[in-house]
Amino acid sequence: MHDVRSTDPEGEAFQTEVQPRVHYLNATHGIAAWLLTKDHKRIGLLYLFAISVFFLIGGVFAMLVRLELLTPEGDLLSSEAYNTAFSMHGIIMVFFFLVPSIPAVFGNFFLPIMIGAKDVAFPKLNLMSWYIAMIAGFMILTTLLMGGVDTGWTFYPPYSTTGSTSNVVLAALAIFVMGFSSILTGLNFIVTVHTMRAPGMTWGRLPLFVWAQYATSLIMVLGTPVLAITLGLVFAERVFHFGIFDPKLGGDPILFQHLFWFYSHPAVYIMILPGMGVISELVAAFSRKQVFGYNFIAASSLAIAIVGFLVWGHHLFTSGQSAYAALVFSVLSFIVAIPSAIKVFNWTATLYRGSISLQSPMLYALGFIGLFTIGGLTGLFLAALGLDLHMQDTYFVIAHFHYIMVGGTLLAYLGALHYWWPKITGRLYTEGWAKVAAVTVFVGFNLTFFPQFLVGYLGMPRRYHAYVPEFQVLNVLSTAGASILAIGFILPACYLLHSLFKGEIAGRNPWGAYGLEWDTTTPPPPSNFEVTPIVTRPAYAYTHADVVEPYGGTTEGSGESGGQEVRSV
Amino acid sequence: MLGMWVFLLTEVLFFGGLFMAYILYRGWYTEAFHEASRHLSVGWGFFNTLVLIASSLTMALAVRAGQTTNRRGQLLFLTLTIVLGTAFLGVKVIEYADKFTHHLVPGAHFAFTPSALAPGAELFFSLYFAMTGLHALHMIIGAGIMLVMLYMAWRGRFSTEWYTPLEISGLYWHFVDIVWIFLFPLLYLIGGLSVFGGGAGH
């Protein structure tokens, strides 16, 4: 069943020494060894565990919201409880799942390995950032137990400053603290990429995943402090009665929106850029081709990071900013679509005439490309001033950003999880079930969110627990889709956990992919490499000899695959 | 080293949000801001500016002493830096206390004449406390870092070969000074120098 993936360069003989006796999982034992670890790989797994818990909590709130919307009347939840449910869904999913997801788990685990480093630049800081994230996590869970907040995930004043409960204070502090965690992670990655690259790993040879992480880190470092100070001011407003955002005291609630979106729009790119990096890896690995337009994909990551800071005003088209500002922000929002489109075109060009094998990670990658394209194009609808006046605060917006966040980031996250799972755990999962899950997620996702485009275009506003009966059919479809989607998430949880105990032992390079992470043993040794690698070839140096025939084992010459030249120093 | 520069970049943006709010409301409430600014003690502010500039000098000398493996110099200049930093914070306490006694702290007890300018003045004082408070917090953290440096210097850890912690703490210290160099004119001096030496609230 797994023969497709057994393209180990040295063949069967290599299998015997494939699992090193000492690797990062068994190097030390005990809870304390894990909780005090400075190994970036273990910290990545600590994050994986933590954000899986948050994903589960956020998912429960999503199901509550969808169940309430099954019928037009507000019957399951009161309007107050509904407000809390969608607010907590948003807060937990955005700040505690999506923002840390790919960077904190796979960035932590693979960024140092992919550049041939022993660890990140500041291992202690790395562990500290996990603890800071956990403190923030406990704060938000406490908020939840105290009854949650109902401001929406955006904390707009006056909801957050004069309305709502005093839980806002704790929730705002939690996100403030969480911000420090992402600042430290971003800082660590930037310095690591600058100073820790292996000999020969030039900027032009960096895997595109690393480029994407680098661009993401720039946004984290530049954007997060602004969010921190903004929520700090909300805190000061509630506790010390500063009037910065309160019109009664002479302040301006629109200022909050400007400061908030100055971070939170770039934060959209914090969430999607790492996903794009993953897709670049997957598309190359499963079409056995050099990524088309490497330079353009790398540069477009940076372009997104920069231009992403100049488009925040498109969240304020109807908030009362000047018409001229709205005009400029509209144009800039169209411009930010260009680097995203460059990526999509380049991935497609990479697929063209590639030797495509439809393994489960590739299914997620293809899903990503399709759904991200829909999400991106509907973003252009909303960037157009005239259309936005009609669509503002409708389900069209909800559908649009879920196509980016779930159809994009979450699919990339699942793709990354499946692609790197054998390397992380040393075990193979059941590929058949993985394919079923990938298709289930894709179908469930579209059934959930495509009807929301329609119902939003017809005028159903967001944030209400009741709606007019005309919208019921589309809402029932959406809730049905959400149930299928839930199954699509439960499946991987089952077969991945199963693989930990019963899975086949994974070889060094089960996909026959290219990159330093596939050169080292599985699971990687504590210091990542037995000898420091020397890089002599560009990223994705796939050749025709690497072609793997789907379901038919490998062709002659596949011994080259994944064999990035590694020599001892 | 690069890490500290990147960190300071985040600090610039952290304070940047407050400066943004300052720019907006100073534009909206220009007259109230000028009037409210006259209630700050330019004398104390000027004194504190000198104190901080002096502390930047002693900090630079401490780093220099690290580079030349001069342990006595490190101990002397780090101690001086801590003393100057503490003096700055002491003056801030005096100033804050003065604001409390004159009902210039935002909230229910805020009182300002002429009352037509009160909303703008209250915003000014909100920003005054937010900006100088955040700055003072950075000073306290800085003083804590200096204590650690002092301990490390006492143990003779710094030499020509290795003085990185001293150098990056110095970077942080200078950054906090520079923030004050912006805060002083923006908060204390915009009302003109006519009331040099004392708060108009007296």
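The values are calculated or read from the model by the stated rules, or taken from the named source; none is laboratory data. The structure presented is a predicted model; accordingly, all values stated were derived computationally and were not measured. Note: ideal-geometry Cβ built from the backbone for every residue, glycine included; neighbour counts use all protein chains shown. Calculation scope for accessible area: heavy atoms of the full protein, side chains included, ligands and nucleic acids excluded. Shrake-Rupley method; radii C 1.70, N 1.55, O 1.52, S 1.80 Å.
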Given a Förster radius of 25 Å and the C-beta distance between A:ALA299 and A:HIS194 as r, what FRET efficiency does 1/(1 + (r/R0)^6) yield to the nearest 0.05?
0.90
Ordered by residue, what ³J(HN,Hα) values in Hz, to whole numbers, does the range A:475-490 give under the Karplus form 6.51 cos²θ - 1.76 cosθ + 1.60, where θ = phi - 60° and Gly and Pro are x?
5, 5, 4, 4, 5, 4, x, 4, 5, 5, 4, 4, 4, x, 8, 6
Under 27 Å Cα-Cα from A:LYS343, which lysines qualify once same-chain neighbours fewer than 8 residues away are excluded?
A:LYS289, A:LYS423, A:LYS435
State the Cα centre-to-centre distance between the range A:29-65 and the range B:80-124 in whole Å.
44 Å
Counting only residues 5 or more places away or on other chains, whose amide H sits under 5 Å from the amide H of A:GLU504 once H atoms are built in the peptide plane?
A:LEU428
Pair-distance profile P(r), taking every C-alpha pair of the protein assembly as shown, with 10 angstrom steps and integer %:
3, 13, 21, 24, 19, 13, 6, 2, 0, 0
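How many Cβ atoms of partner chains, on average, are near each residue of A:242-251 if near means within 10 Å of its Cβ?
On the way: counts 10, 11, 9, 1, 2, 1, 1, 8, 12, 8.
Mean partner-chain Cβ count within 10 Å for A:242-251: 6.
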Spin-label pair B:HIS109/A:MET146, simplified geometry with 7 Å Cα→Cβ offset, distance in nm
2.5 nm
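Summing +1 for each Lys or Arg and -1 for each Asp or Glu, what net charge is found among the other residues whose Cβ lies under 14 Å from the Cβ of A:HIS314? Could the numbers behind the result be given before it?
On the way: positive: none; negative: A:ASP388, A:ASP393.
The answer is -2.
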Taking θ = phi - 60°, what integer Hz values does the Karplus form 6.51 cos²θ - 1.76 cosθ + 1.60 yield along the range A:365-379, in sequence order, with x for Gly and Pro?
4, 5, x, 4, 4, x, 6, 5, 4, 5, x, x, 5, 5, x
Using only the alpha-carbon atoms of the range A:71-118, report the extent along each of the three principal axes, biggest first, to the nearest angstrom.
57, 17, 9
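Got a sec? What order do A:HIS390, B:HIS39 fall in by accessible area at 1.4 Å, biggest, i.e. largest, first? Before the final figure, lay out each step's value.
Numbers: A:HIS390 95, B:HIS39 30 Å².
Largest accessible area first, the residues go A:HIS390, B:HIS39.
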Top positive-direction residue, dipole computed over the range A:362-479 with Cβ charges, set A:GLY386, A:ALA437, A:GLY408
A:ALA437
Report the per residue volume, in Å³, of the convex hull enclosing the C-alpha atoms of the range A:260-309.
49 Å³
Solvent-accessible ranking of A:SER79, A:SER166, largest area first, probe 1.4 Å
A:SER166, A:SER79
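Residues of B:104-114, mean number of Cβ from any other protein chain within 10 Å of their own Cβ, rounded to a whole number?
Per residue, the number of nearby Cβ atoms from other chains is 2 on average.
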For the range A:59-187, how big is Rg over Rh, using alpha carbon atoms and the Kirkwood form of Rh?
1.08
Take the alpha-carbon centre of the range A:413-472, take the same for the range B:126-194, and report the distance between them in whole Å.
49 Å
With each pseudo-label sitting 7 Å past Cα toward Cβ, what's the A:GLN392-A:GLU431 distance in nm, one decimal?
5.2 nm
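Based on Cα coordinates alone, diagonalise the gyration tensor for the range A:325-389, multiply each eigenvalue by 5, take square roots, and list the semi-axes in whole Å, largest first.
Values: eigenvalues 192, 30, 9 Å².
Each semi-axis is the square root of five times an eigenvalue, giving 31, 12, 7 Å.
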Long-range amide H partners of A:THR394 with built H, under 5 Å
A:ARG462
At q = 0.35 Å⁻¹, what is the base-10 log of I(q)/I(0) for the range A:420-460 according to the Debye formula with one equal point scatterer per Cα and no solvent? Please give it to two decimals.
-1.01
So how far, in whole Å, is the C-alpha centre of the range A:257-336 from the one of the range A:90-164?
21 Å
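Beta carbons within 10 angstrom, averaged per residue: use that to sort the peptides A:44-52, A:86-94, highest first. Don't skip to the end; give the middle numbers.
Working: A:44-52: 19.0, A:86-94: 23.1.
Highest to lowest by the protection proxy: A:86-94, A:44-52.
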With +1 at each Lys and Arg Cβ and -1 at each Asp and Glu Cβ, the charge dipole magnitude of chain A around its Cα centre, to the nearest 20 debye, comes out at 720 debye
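Got a sec? What order do A:TRP261, A:TRP347, A:TRP203 fall in by accessible area at 1.4 Å, biggest, i.e. largest, first?
A:TRP203, A:TRP261, A:TRP347
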Among B:ILE190, B:HIS103, B:ILE141, whose Cα lies farthest out toward the positive end of the dipole of chain B, if unit charges sit on the beta carbon of Lys, Arg (+1) and Asp, Glu (-1)?
B:ILE141
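What does the charge add up to near A:LYS248, with Lys and Arg as +1, Asp and Glu as -1, over the other residues with Cβ less than 12 Å from its Cβ?
Numbers: positive: none; negative: A:GLU237, A:ASP246, A:ASP252, B:GLU122.
Here the charged neighbours net out to -4.
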Mind checking A:306-318 for the average number of partner chain beta-carbons within 10 Å of each residue's beta-carbon?
0
For chain B, Rg(Cα) over 2.2 N^0.38 Å is 1.15
Please report the accessible area of A:LEU351 (heavy atoms, 1.4 Å probe, ligands and nucleic acids excluded) in Å², nearest 10.
30 Å²
Give me the orientation-averaged projected area of the Cα convex hull of the range A:120-176, in nm², one decimal.
4.3 nm²
